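Step one of this worksheet: look at the structure below.
What follows draws every value from the coordinates through simple rules; no lab data is involved. Note that the structure is a prediction, hence the values are computed from the model and not measured. A quick note on method: Cβ atoms are made from the backbone with ideal geometry, for glycine too, and the neighbour counts reach across all protein chains shown.
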Amino acid sequence: MALKDILNSFKRKNKSYTISYIAIAFLFTIWILFLDSNSWLTQRELDSEIEKLEQQKNKLRKAIIKDQYTIDQLENLDSLERFAREHYGHKKDNETLFLIDTDSIK
C-alpha cells in the first residue's frame, strides 16, 4: 500500500507540473509572437517595408537606365538641338516658332 500511495502522490505532482509547463509554454509563445521587440508582428512590418523599398529601388534603377539613355543620346549635337527644341522651345536666330497646344484642340 505504501508504494501505491507514493505513486499516487507522484502522479498528482506530475499533473501540477504538467499544467505549469503548459502555462509557461503558452505565456512564452504569446511573449515571442506579440510582446518581444523582435516579435512576429514587428518582423512582418519590417518585411513589408523591405518589399516596398525593393520596389522603389527597382523603379529608380529603371529611371537611371532611362536617364542614362537620354544622356547618351544628348552627346550628339543634332539630338541635343532636337531635345532643346522639343522640350524647351529653343529656336535659331532667324526662325519663327509656332507652338500649337494639342490639348485644347478636340
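Taking amide hydrogens as placed 1.01 Å from N in the peptide plane, the amide H of His90 sits under 5 Å from those of Arg85, each at least 5 positions away in sequence or on another chain. Per-residue Karplus couplings for region 17-34, computed as 6.51 cos²θ - 1.76 cosθ + 1.60 with θ equal to phi - 60°, are listed in order as 5, 4, 4, 4, 5, 5, 5, 5, 5, 5, 5, 4, 5, 4, 4, 5, 6, 10 Hz, Gly and Pro entered as x.
For region 67-101, the list of trypsin sites (Lys or Arg not before Pro) that fall in a loop by DSSP and count at most 15 other C-beta atoms within 10 angstrom reads Lys91, Lys92. Taking 7 Å steps out from each Cα toward its Cβ at Asp101 and Tyr21 produces label points 8.1 nm apart.
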